[in-house]
1. Please go through region 252-267 and pick out each residue that is open to solvent by less than 40 Å² (accessible area, probe 1.4 Å) and closer than 14 Å to residue 197 by Cβ.
2. Across region 342-365, which residue is surrounded by the fewest Cβ atoms within 10 Å (Cβ to Cβ) among those that are touching a residue at least 12 places away in the same chain (Cβ under 8 Å) and farther than 18 Å from residue 405 by Cβ?
3. Here are the criteria: (1) among the charged types (D, E, K, R); (2) at pLDDT 95 or above; (3) under 24 Å from residue 178 (Cα atoms); (4) open to solvent by 20 Å² or more (accessible area, probe 1.4 Å). Tell me which single one residue 249 does not satisfy.
4. Working only within region 229-241, note down all residues that are outside any helix (DSSP H, G or I) and either among the β-branched types (Val, Ile, Thr) or open to solvent by 40 Å² or more (accessible area, probe 1.4 Å) (or both).
5. Mind checking which pairs have a first residue in region 369-381 that is surrounded by 12 or more Cβ atoms within 10 Å (Cβ to Cβ) and a second that is part of a loop (DSSP other than H, G, I, E, B) and of a type in the set (A, V, I, L, M), Cβ under 9 Å, 6 or more apart or different chains?
6. Test of understanding: among 331, 384, which residue is over 38 Å from the mean Cα position of the chain (by Cα) and surrounded by 12 or more Cβ atoms within 10 Å (Cβ to Cβ)?
7. I'd like to verify a number: residues in region 49-79 that are closer than 17 Å to residue 15 by Cα and in contact with a helix residue (DSSP H, G or I) (Cβ under 7 Å, 6 or more places away or on another chain), how many?
8. Check residue 34 against each of (1) open to solvent by 40 Å² or more (accessible area, probe 1.4 Å); (2) closer than 26 Å to residue 342 by Cα; (3) not β-branched (Val, Ile, Thr) and name the one condition it does not meet.
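The values are calculated or read from the model by the stated rules, or taken from the named source; none is laboratory data. What you are looking at is a predicted structure, and each value in this text was computed from that prediction instead of being measured. Cβ placement follows ideal geometry from the backbone for every residue including glycine, while neighbour counts extend to all protein chains displayed. Heavy atoms of the whole protein, side chains included, go into the accessibility calculation; ligands, DNA and RNA do not. Shrake-Rupley method; radii C 1.70, N 1.55, O 1.52, S 1.80 Å.
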Amino acid sequence: MHIAVIGLSHRTAPVEVRERLSITDETLPGSLRSLMAVQEVQEASILSTCNRLEIYTLLRQADAGIAAMVRFLSDHSGLPTTELKPHLFDLHHAEAIDHLLRVAAGLDSLVLGEGQILAQVKKMARLGQEHKSTGPILGRLLNQAVSTGKRVRSETKLGKGAVSISSAAVELAQLKCAQERGTQHPVGLGEEAVAVVGCGRMGRLLVQHLAAKGCTALTLVNRTTARAEALARDFPQLAIRCVGLEQLDEELRRASMVFTSTAATTPMLTRSRLERVAPIRRLKLFDIGVPRNVTADVAAVDGVAAYDVDDLEEVVARNRLARQATARVAEALLRQDAEDFLVWWDGLEAVPVLNRLRRTMDELREQELLKALSRMGPDLSAREKNVVEALSKGIINKVLHGPVTRLRGPMERQKRLEQLQVVCELFDLDQSETS
């Protein structure tokens, strides 16, 4: 068995490549079925966010399994492997485990300490269970990752403050407004005509952070106005207009700043649309959707500036320096949790031998129990028979407890293998049955 992760992220691929590999909630069940149909794959789980697509697997054989994953990603994205491979990374065993824990803790995020990623890892674990693509190994690893993510946030200050893609987008908007006014200091957004397109989780966070940065009024644009109105009720301090997507052109014409965060799989804001709308003022577009909601060529329209998730680096670099010390503390916690999982993983080597040892001992116990009961005669009551049987099981459990605990505990691999060999020889275990 071999734990591996293959994928890409904001560190290895631009947004135009990441959006080609994005897996939506609707397509995820089919993707998991495709992965589990691969002969080399024993367990699989998918993490798909705006900044990464990662496939965590338990493989029968590493090289063949990774090659199959590359073919899957190529087929899914429509990109030939020659174009795709330069953007992919693959990590194995201890490195794969360490990477997942770093991701869950927010240490590998574009925005260091980002809070949303932990919820996404939880979702990955839940969907793996629901679709029966994860088993005892990946299931335990994903649960460990969630636990580690929670621990990092509770025992360090890494998760405190405005650390999310949405907050970074709002900070980028402040920075761009400041640069227009000839200053490098963030400015309030109270004078901007703001529209937010999309009322999902990211949209809610955008509204929350816009309010915190001085925005007093905005327009929510959503496919269903009822959902926009429900979101608006949670922010009574803001003057919020709610309109349907059919009024998006009107909002583009009057707005000075538009944030998009929809789950649409094709862009809704294109160069031709912006040229037709002809905004009446300078318009800044901030797109945090992946796949993108805004095409790259809209920046060619006079008076329009467009930014996507890759442009957030301008903002997050400033936050990263301030959080480095806290990140080092979090790294120490990660190492400890990763070592604990590896101890458990290494102990699995002992399980086949220990299972065979227990079966052998149980067979002997049952043979001797039958002999003892036959000698005690037919007058033995059912209660007395149960007591004798419980005694025999208790003795076996006590005898095996020490060896089982030691053979599954922390130990150098070679030493464990040597001790397992000794157990097989001492108890005459058939090693062909322990694999």
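1. Across region 252-267, the qualifying residues are 252, 255, 257, 258, 259, 260, 261, 262, 264.
2. For region 342-365, the residue satisfying everything is 362.
3. Answer for residue 249: the failing condition is (3).
4. 234, 236, 237, 239, 240, 241
5. Taking only residues 6 or more apart or on different chains, the pairs are 373/380.
6. Numbers: 331 fails: over 38 Å from the mean Cα position of the chain (by Cα).
So the residue among 331, 384 that is over 38 Å from the mean Cα position of the chain (by Cα) and surrounded by 12 or more Cβ atoms within 10 Å (Cβ to Cβ) is 384.
7. If we filter region 49-79 for residues that are closer than 17 Å to residue 15 by Cα, which is where we start, we get 49-54, 73-74, 76-79.
Keeping just the survivors that are in contact with a helix residue (DSSP H, G or I) (Cβ under 7 Å, 6 or more places away or on another chain) gives 49-51, 53, 73-74, 76-79.
Counting residues in region 49-79 that are closer than 17 Å to residue 15 by Cα and in contact with a helix residue (DSSP H, G or I) (Cβ under 7 Å, 6 or more places away or on another chain) gives 10.
8. Status for residue 34: all satisfied but (2).
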